[in-house]
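Participant: The structure that follows is given in the form of structure tokens.
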Amino acid sequence: LGSPRQHIPLRRQRARERIGLAVWEHWRRTILPELGQPASRLILFQVSLADFPTDLPAFFRQRVRSMLLDEVIHTDGLSHEQMIGDSQLQAFAAHFPELTALDIRRGHWNMGLPQMLTRAWPGLSALGLREIFIILGEQDFKALSALKQLRWLDLRGMQLVDMPDTALDGLTLDYLGLDWMGLQTWPRWLHNGALARIGELSLLGNHLSELP
């Protein structure tokens, strides 16, 4: 009889191998935290969250403070099966209770991602939402304002709907990245009051014809 591995598509085998390598690399970099080495982030690239092992030791999971989710899906299958929704994200997040920095690039995510993230990791201080095929609006920024520790926000390549002047109310940031978002006019919600609560603003790759 063939082994179970032989019945798993090659692409999924490779994805599982990438998870194993990512776990090993993170463990290697954090094995001696008393040395005070720079924090290492767990990098998951082109993998399924459903394949992530649930039996990792607690000491490993608690050491994961920073994570990159790059082109991840929930599981192989049809488009709707690949989508990561609230229940899938909450189950995954439960393994990493100490996470404070999260960077998400592309992947298959349901609408309402900011709301899902605030429930999953309310202690986030740094968040990147980059090149994800969802549209952000006022309610999404309102959800982000519930992250009371949030100081770094990168929205590179995202799409925004028109928002009111109050969109950034409740947010005080050391950095806000709005690069490559197709902005042609200055957003009205980036008024003096909002700018006073932003330490650094990046607008690279846009097509602004005038500044306020």
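Participant: Taking only the stretch 60-109 into account, find how many residues are under 14 Å from the mean Cα position of the chain (by Cα), farther than 25 Å from residue 27 by Cβ and among the charged types (D, E, K, R).
Facilitator: 2
Participant: While we're on this one: Please give the number of the condition residue 46 fails out of (1) at pLDDT below 95; (2) open to solvent by 70 Å² or more (accessible area, probe 1.4 Å).
Facilitator: All conditions are met except number (1).
Participant: While we're here: Evaluate the stretch 29-42: report whether one residue or more is touching a residue at least 40 places away in the same chain (Cβ under 8 Å), open to solvent by less than 70 Å² (accessible area, probe 1.4 Å) and of a type in the set (D, E, K, R).
Facilitator: no
Participant: Would you pick out the residues in the stretch 125-136 that are open to solvent by 10 Å² or more (accessible area, probe 1.4 Å) and among the small types (Gly, Ala, Ser)?
Facilitator: Across the stretch 125-136, the qualifying residues are 125, 126.
Participant: Please verify whether the stretch 89-104 includes one or more residues that are more than 20 Å from residue 125 (Cβ to Cβ), part of a loop (DSSP other than H, G, I, E, B) and open to solvent by 40 Å² or more (accessible area, probe 1.4 Å).
Facilitator: Checked against the condition, which is being more than 20 Å from residue 125 (Cβ to Cβ), part of a loop (DSSP other than H, G, I, E, B) and open to solvent by 40 Å² or more (accessible area, probe 1.4 Å), the stretch 89-104 yields no hits at all.
Participant: Looking only at the stretch 158-173, decide whether some residue is part of a loop (DSSP other than H, G, I, E, B), surrounded by 15 or more Cβ atoms within 10 Å (Cβ to Cβ) and among the hydroxyl-bearing types (Ser, Thr, Tyr).
Facilitator: no
Participant: Restricting attention to the stretch 116-124, does a residue exist that is surrounded by 14 or more Cβ atoms within 10 Å (Cβ to Cβ) and in a loop (DSSP other than H, G, I, E, B)?
Facilitator: Yes, because at least one residue in the stretch 116-124 is surrounded by 14 or more Cβ atoms within 10 Å (Cβ to Cβ) and in a loop (DSSP other than H, G, I, E, B).
Participant: Residue 150 passes all but one of (1) assigned to a helix (DSSP H, G or I); (2) under 23 Å from residue 190 (Cα atoms); which number fails?
Facilitator: Single failed check for residue 150: (1).
Participant: Any residue that is touching a strand residue (DSSP E or B) at 6+ places or on another chain (Cβ under 6 Å), in contact (Cβ under 8 Å) with a residue 40 or more places away in the chain and among the small types (Gly, Ala, Ser) - is there at least one of those in the stretch 48-58?
Facilitator: No - not one qualifying residue is present in the stretch 48-58.
Participant: Out of curiosity, is residue 212 open to solvent by 70 Å² or more (accessible area, probe 1.4 Å), of a type outside the set (D, E, K, R) and free of Cβ contacts under 8 Å to residues at least 40 places away in the same chain?
Facilitator: Spelling it out, residue 212 is indeed open to solvent by 70 Å² or more (accessible area, probe 1.4 Å), of a type outside the set (D, E, K, R) and free of Cβ contacts under 8 Å to residues at least 40 places away in the same chain.
Participant: Looking only at the stretch 77-101, which residues are closer than 21 Å to residue 131 by Cα, touching a residue at least 12 places away in the same chain (Cβ under 8 Å) and of a type in the set (D, E, K, R)?
Facilitator: Listed by number, the list holds a single entry, 86.
The values are calculated or read from the model by the stated rules, or taken from the named source; none is laboratory data. Computed from a prediction, not measured in an experiment: that's the story for all the values here. Note that each Cβ is placed from the backbone with ideal geometry, even for glycine, and that neighbours are counted across all protein chains shown. Quick note on the areas: whole protein, heavy atoms, side chains included, nothing else; ligands and nucleic acids left out. Shrake-Rupley method; radii C 1.70, N 1.55, O 1.52, S 1.80 Å.
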